[in-house]
Amino acid sequence: MLSRHVKLLNGEMVILRPLRPEDAALYPDFLSKVTSFDLRLRFFSAIRELSPEMIDKLVHYDPNNAMAFVALDADGKLLGVVRLHDDEKHENGEFAILLRSHLKGRGLGWLMMKHMIAYAKEHGLKAVRGQVLAENTTMLQMCGELGFHSRHDPDDPGTYHVELPLAEVPAEAVA
């Protein structure tokens, strides 16, 4: 389940596999294909680029508390990253996802989220959660289609909390 080949809506085959430290070398090209708008939607603040230190932190995670999957094309180019960080009790995980901007709407985000949800379910988590900016309507729509429940953040009206109780996800829905 950790690695698998998937087909995008346009028929292109990509591989989903765990993020490795050596993938840091793929980040500059990847991030050059992500708009500043999409970076803001992911990191909740205006950033121009990720520092080498931040990239190093992203690729070196504790597998006891986190997992990250990458999508790579046939040429080995990084197309997207989805992350999952467990809470202290290892009951729930918080996700984050980022794709090359031109790939939005081609099914890659959907496939990566399903892969991450299957991983979370397989590892006994009770729920997957995330925070989504209200203006990120594409992400909110995808979360709704995947079965997430959403509610406004009472402390920040520009943000939604989304949560997917994994007991509500049938096994075949993430296969």
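Things to note:
- Neighbour net charge for Leu2 - beta-carbon separation under 15 angstrom, K R +1, D E -1: +4
- Amide H within-cut-off set for Leu50, under 5 Å, with H built and near neighbours excluded: none
- Order by protection proxy (mean Cβ within 10 Å, highest first), peptides 113-120, 131-138: 113-120, 131-138
- Trypsin sites (Lys or Arg not before Pro) restricted to the range 6-95 and DSSP loop, no more than 11 other C-beta within 10 Å: Arg48, Lys89
- Accessible carbon and sulfur surface of the chain relative to its total accessible area, %, 1.4 Å: 52
- Residues whose amide H falls under 5 Å from that of Ala66, counting only those 5 or more places apart or on a different chain, are Asp86, with hydrogens built in the peptide plane.
- Sorting 91-100, 144-153 by their mean Cβ neighbour count within 10 Å, with the most densely packed peptide first, gives 91-100, 144-153.
- Over the chain, relative contact order from alpha-carbon pairs under 8 Å, at least 6 apart, %: 18
- Cα shape, the chain, gyration tensor, a/c 1.5 rule: rounded
- Ratio of Rg to Rh over the range 29-111 (Cα coordinates, Kirkwood Rh, two decimals): 0.97
- For the range 82-175, a crude dipole built from +1 on the beta carbon of Lys and Arg and -1 on the beta carbon of Asp and Glu, taken about the Cα centre, is about 460 debye to the nearest 20.
- Listed residue pairs exceeding 18 Å between alpha carbons, taken from Lys7/Lys126; Lys7/Lys77; Lys77/Lys104; Lys89/Lys121; Lys33/Lys77: Lys7/Lys126
- Rounded if a/c under 1.5, otherwise prolate or oblate - the range 90-175, Cα gyration tensor axes: oblate
- Since only Ile97, Ser51, His149 are under comparison, the one whose Cα sits farthest along the positive direction of the charge dipole of the chain, derived from C-beta charges on Lys, Arg, Asp and Glu, is Ile97.
- Fluctuation leader among Ala127, Ala24, Ala68 - the chain, Gaussian network, Cα springs under 10 angstrom: Ala24
- Antiparallel beta bridges, as assigned by DSSP with both residues in the chain, represent about 90 percent of the total such bridges.
- From the alpha carbon centroid of the range 62-85 to that of the range 102-175 is 16 Å.
- Using only side-chain charges placed at the Cβ, +1 for Lys and Arg and -1 for Asp and Glu, the dipole size of the chain relative to its Cα centre rounds to 500 debye.
The values are calculated or read from the model by the stated rules, or taken from the named source; none is laboratory data. Predicted model, so just to flag it, every value in this text is computed and none were measured. Cβ coordinates were reconstructed from backbone atoms using ideal geometry, including for glycine residues, and neighbour counts include every protein chain displayed. Surface accessibility is based on the protein's heavy atoms, side chains included, excluding ligands, DNA and RNA. Shrake-Rupley method; radii C 1.70, N 1.55, O 1.52, S 1.80 Å.
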